[in-house]
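Inspection log for the structure reproduced underneath, given as structure tokens.
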Amino acid sequence: MKVTRGFKGRGGQARDTRLPPGQYDIGSDWPVLTAESTPNLLTAEWSFSVGGLVRNPARWTWEEIHALGSSSYRGDIHCVTTWSKFDVSFSGVSVDTLLAHTQPLPSASHVVAYSHTGYTTSLSLGDVTDGKAWVVWEYEGRPLEIGHGGPARLLVPHLYFWKSAKWVAGLRLLDHDEPGFWEVNGYHDRGDPWLEQRYQGD
Ligand SMILES: Nc1nc2c(c(=O)[nH]1)N[C@H]1C(S)=C(S)[C@@H](COP(=O)(O)O)O[C@H]1N2
Ligand SMILES: [Mo]
């Protein structure tokens, strides 16, 4: 991505590189960061739901969601704890596909993503549409490991990684922003790494 040369973010990092301000390249490591205990979810009992302000609320089983057609991401991810990881690949289903089936109402402006564990995170509808978000079950062509949110997690790679809810269970569409777990605990409502929106007030 080419942005105006010479622009400096608050981290002192030139904005025309691939690393957002204040981030470092963690290389091949991938830390596990979890606030709750890791659940053992069986795919036979797993489901994913879209509800709230939609015309057709829906719930898919593991087999049904795979039948919706698959979509992949290859690119970078950025954690608020300052690591970034380049060129990772995930596949699953695009959130656009899930919303095409459920038909958001005109009043819908935000979503809460919630996990089977109770974790929540909030996003604007615009941050999960137009090819910007996925529910993913594969990492580098293999089933997503349980520690990283397997069998399936949300992936919203253009925002800090706390928005990418592990063990995701569904999306609830709302007409207002409803702060989730980390947003209530001091993290920024939106979390754009290029704007270094780490904490409330940034
Ligand atoms: N359910 C759940 N999802 C979560 C979290 C969590 O604690 N619980 N942590 C978030 C945070 S802060 C980060 S940085 C990433 C970490 O994902 P990883 O453990 O796969 O690196 O998951 C996000 N999704
Ligand atoms: Mo994080």
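Computed from the coordinates by the stated procedures, all read-outs in this text should not be read as laboratory data. In this text the structure is predicted, and so the values were computed from the model without any measurement. Heads up, the Cβs are rebuilt from the backbone with ideal geometry, glycines too, and the neighbour counts pull from every protein chain shown.
Listed values, structure above:
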{"item": "Neighbour net charge for Ser89 - beta-carbon separation under 15 angstrom, K R +1, D E -1", "result": "-1"}
{"item": "Cα-based Rg / Dmax (Å) for segment 129-179", "result": "11.8, 37"}
{"item": "Counted charge near Gly186, where neighbours are those whose Cβ lies closer than 13 Å (Asp, Glu -1; Lys, Arg +1)", "result": "-2"}
{"item": "Eligible aspartates and glutamates near Lys166 by straight Cα distance, threshold 14 Å, same-chain separation 8 or greater", "result": "Glu36, Glu138, Glu145"}
{"item": "Relative contact order computed over the chain (Cα-Cα under 8 Å; 6+ residues apart), in percent", "result": "22 percent"}
{"item": "Peptides ranked, highest mean first, by Cβ atoms within 10 Å: ranges 83-92, 111-120", "result": "111-120, 83-92"}
{"item": "Highest to lowest packing among 44-56, 70-82, scored as the average C-beta count within 10 Å", "result": "70-82, 44-56"}
{"item": "Listed peptides 186-193, 125-132, 148-155, 22-29 by packing density, highest first (mean Cβ within 10 Å)", "result": "148-155, 186-193, 125-132, 22-29"}
{"item": "Percent of Cα-Cα distances greater than 18 Å, calculated over segment 77-178", "result": "44 percent"}
{"item": "Selection of GluC sites (Glu not before Pro), segment 70-166, meeting DSSP coil and at most 11 other Cβ within 10 Å", "result": "Glu140"}
{"item": "FRET efficiency estimate (nearest 0.05) - Cβ-Cβ, Ser28 to Leu195, R0 22 angstrom", "result": "0.20"}
{"item": "Computed [θ] at 222 nm, helices only, for the chain once each DSSP H run of length n ≥ 4 contributes -39500 (n - 2.57)", "result": "-2000 deg cm²/dmol"}
{"item": "Radius ratio Rg over Rh of the chain, counting only Cα atoms, Kirkwood formula for Rh", "result": "0.96"}
